[in-house]
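> Starting off with a structure, shown below.
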Amino acid sequence: MVRSEATSAELLTRCLECAELVNRRTLERRLFVCPQCGYHFRLTADQRLRLLLDRGSFEERDADLGSRDVLDFPDEPPYGQRLAEVAARTGHREAVLTGTGRVDGVLVAIGVFNFPFMGGSMGSAVGEKLTRVIEHALGERLPLVIVSASGGARMQEGIYSLMQMAKLAAALGRLRAAGLPYVSVLTDPTTGGVAASVALLGDVNLAEPRALIGFAGPRVIAQTIDEQLPADFQRSEFLMKHGMLDAVVARPELRRTLARLLRMLNARAAVRPADDGRGARRRPGARAARRRRDGA
Amino acid sequence: MAVTYLDFELPLAALDTRIETLRRARERGAAESRELRRLESERRKLERTLYETLSAWQRVELARHVDRPQTLDYVARLCADFFELHGDRAFGDDAAIVGGIGTYRREPVMVVGHQRGHSTQERLLRNFGMASPEGYRKALRLFHTAERLGIPILTFIDTQGAYTGVGAEQRGQAEAIAHTLRGMALLRVPIVSVVIGEGGSGGALALGLGDRLLMQEYSCYSVISPEGCSSILYRDRAPENVARAAEALRLTARDLYRFGVIDEVVNEPVGGAHRNPRRAGEALERSIAHHLAELKEQSLASLLARRYEKYRGIGRYLE
């Protein structure tokens, strides 16, 4: 969502919060955080993965899995065409990237929503990709990280979209029963069906500063309510104050924070066998293999 | 009982008025019954064509009908005894979701459902069935009680959606729904869920992760309301656009059955459950009994595995 000004040979970007013009290279160096006001620009999933994972460690899964216009939805342009266009523009087939990677050496299963892909909206394909990566975490006994950036369920797939919430909550239930940790990272914006399924179910919920997080979008709330909204309403700091988050973490600290947490959360989970058949079975030799891989 | 007619039912209303007048006249011995029989037969024909060719939007209107039976109406028909349980033990008691323990066919059952309210006063008290976080947390509390005591669970879905107010956001509406969903997925007792009216988005789904998911014939279930969808698609809520949106969303019981999302469409009396609540209740009762009996036959491991696979399998994509 970084909009460049046409002036100065595309080198200046206007901050969406303080309207300051910032040098594009400075902005990149500062991980797209405005040096003037600290506004966190939205990142694409690719940028997010570069930010969080060790260089070259991301191994994408199910990259070819994508949506289809299952309801023959009367959108304009037609949904199928929109999917093709946004895929061409973003270089991805869906609004989430999933796979494995390392955060400061710790191997994780990871899913990252891509907001530029139809607002990170969740239809069948997003639900399926995330479920598969959760099941992969179960099978390999990996900690799970999901970075949310989504307006919610994808209207164009109707009831199928809604049911992805059930599917994901069930998969996360298995992960939980198997004793594996899940760190959820909420970024701007995380609302609707994604907030009400995956994003707020972390063992640890982290959010970037000032991210919009909530069940109903701000427009819906404005329609329902005629009272004055609190100043930081539905922002990370508001959720923090009301007990929904464990920490609000500025972007430059995010990777380090994640690594610290994962080391502690995962120390026992990685070696503990599942106890009741609801989770994954431990693979023989997994512990030794993991020690070799992690160099621990 | 006075019947509330929807716009598209007005031709029926006109006939009903004439039939009623004739009946009264006959009671006074002042009219012949041939005209009455003719009108009654005309009414049956009209009724059949009217309800066989309902548009998606008309079905939504029926699903939201003010006279339609609600959770507590069905509880009264299904349960010989019922004790309502209240509160989430943390913040408060949300009247938009009701729940309690009852006896059904001489066995205990935990019933939880949305309750929109019938009278204006009751509707206000129950926030029109739009639940707040404490409603979902109460639901989950009752689910866990049922699980601990080995009591099967029955849920009734009937809401336009979860409440979208400031307080609901403050107290974590999204977290409450997510938590309830995950909790339901893991419950070690059988769950039968029925959409008895409007199934509005996440607020409906939060009570709907059953081993069996049923819908009454004139109920609907959708990711977004037709009005909300129309606002996005057509940038207004003009009646013709709302009707088009309702069509586009494929939200009728028949659609969802065809998609394999629900397990059964439960028949209703012609014109909707409110036309004959007793018969609607009997049909519902038969379906619930059938599904509960089947679920009780299953081992716990199989129950949980099948529940997981049921939702795991929903989705259409390319790869």
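The values are calculated or read from the model by the stated rules, or taken from the named source; none is laboratory data. Here the structure is a predicted model, which is why all the values come from computation and not from measurement. Glycine gets a Cβ as well: all are built from the backbone with ideal geometry, and neighbour counts include every protein chain shown.
> Would you mind telling me which numbered condition in (1) touching a residue at least 60 places away in the same chain (Cβ under 8 Å); (2) closer than 21 Å to residue A:190 by Cα residue B:242 fails?
The one condition residue B:242 does not meet is (2).
> Let me ask something else about it. Does residue B:248 meet the test of being more than 19 Å from residue B:65 (Cα to Cα), at pLDDT 95 or above and either among the small types (Gly, Ala, Ser) or not assigned by TED's automatic domain parsing to the domain that holds residue B:222 (or both)?
In short, yes.
> Hey, any hits in the range B:223-242 for a residue that's modelled with pLDDT under 95, aliphatic (A, V, I, L, M) and crowded, with 16+ Cβ neighbours inside 10 Å?
So far as the range B:223-242 goes, yes, one or more of its residues are modelled with pLDDT under 95, aliphatic (A, V, I, L, M) and crowded, with 16+ Cβ neighbours inside 10 Å.
> Continuing with the same structure: Quick check on this structure: which one of A:19, A:88 is farther than 30 Å from residue A:256 by Cβ, hydrophobic (A, V, I, L, M, F, W, C) and not assigned by TED's automatic domain parsing to the domain that holds residue A:132?
The unique qualifying residue is A:19.
> Ok, one more. Of everything in the range A:163-188 that's more than 8 Å from every other protein chain (Cβ to nearest Cβ) and out of contact with any strand residue (DSSP E or B) (no Cβ under 9 Å at 6 or more places or on another chain), which residue is farthest from residue A:125 (Cα to Cα)? Please lay out each step first, then the result.
Kept after step one, since they are more than 8 Å from every other protein chain (Cβ to nearest Cβ), are these residues of the range A:163-188: A:168, A:175, A:178-188.
Imposing the further condition that a residue be out of contact with any strand residue (DSSP E or B) (no Cβ under 9 Å at 6 or more places or on another chain) reduces the set to A:178-179.
Working: A:178: 25, A:179: 26 Å.
Among those that are more than 8 Å from every other protein chain (Cβ to nearest Cβ) and out of contact with any strand residue (DSSP E or B) (no Cβ under 9 Å at 6 or more places or on another chain), it is A:179.
> Give the residue, chosen from B:188, B:182, that is farther than 19 Å from residue A:224 by Cα, at the interface with chain A (Cβ under 7 Å from one of its Cβ atoms) and either more than 13 Å from the chain's Cα centre (by Cα) or in a strand (DSSP E or B) (or both).
On the way: B:188 fails: at the interface with chain A (Cβ under 7 Å from one of its Cβ atoms).
The match here is B:182.
> Here's something else I'd like to know. Report, by residue number, each residue of the range A:241-252 that is crowded, with 18+ Cβ neighbours inside 10 Å and within 13 Å of residue A:200 (Cα to Cα).
Scanning the range A:241-252 gives A:244, A:245.
> Can you pull out the residues in the range A:190-203 that are in contact with a Phe, Trp or Tyr (Cβ under 8 Å, 6 or more places away or on another chain) and either in a loop (DSSP other than H, G, I, E, B) or more than 10 Å from chain B (Cβ to nearest Cβ) (or both)?
Passing the criteria: A:201, A:202, A:203.
> Working only within the range B:210-236, note down all residues that are within 11 Å of chain A (Cβ to nearest Cβ), in a loop (DSSP other than H, G, I, E, B) and farther than 17 Å from residue A:217 by Cα.
B:210
> Which one of these is touching a residue at least 40 places away in the same chain (Cβ under 8 Å) and crowded, with 17+ Cβ neighbours inside 10 Å: A:97, A:12?
A:97
> Taking the condition in contact (Cβ under 8 Å) with a residue 24 or more places away in the chain, under 14 Å from the mean Cα position of the chain (by Cα) and closer than 18 Å to residue A:93 by Cα, does residue A:130 pass? Even if it seems obvious, please write down each step before you answer.
Details: in contact (Cβ under 8 Å) with a residue 24 or more places away in the chain: yes; under 14 Å from the mean Cα position of the chain (by Cα): yes; closer than 18 Å to residue A:93 by Cα: yes.
Spelling it out, residue A:130 is indeed in contact (Cβ under 8 Å) with a residue 24 or more places away in the chain, under 14 Å from the mean Cα position of the chain (by Cα) and closer than 18 Å to residue A:93 by Cα.
> Then there is this: Need the failing condition index for residue B:260 against (1) within 11 Å of chain A (Cβ to nearest Cβ); (2) assigned to a helix (DSSP H, G or I); (3) more than 20 Å from residue B:159 (Cα to Cα); (4) at pLDDT 95 or above, just the number.
Failing condition for residue B:260: (2).
> Let me spell it out: the conditions are (1) over 19 Å from residue A:150 (Cβ atoms); (2) assigned to a loop (DSSP other than H, G, I, E, B); (3) without any contact (Cβ under 8 Å) to a residue 60 or more places away in the chain, and residue A:69 meets all of them except one. Which number is the exception?
(3)
> So, in the range A:132-173, how many residues would count as being in a helix (DSSP H, G or I), surrounded by 24 or more Cβ atoms within 10 Å (Cβ to Cβ) and not aliphatic (A, V, I, L, M)?
8
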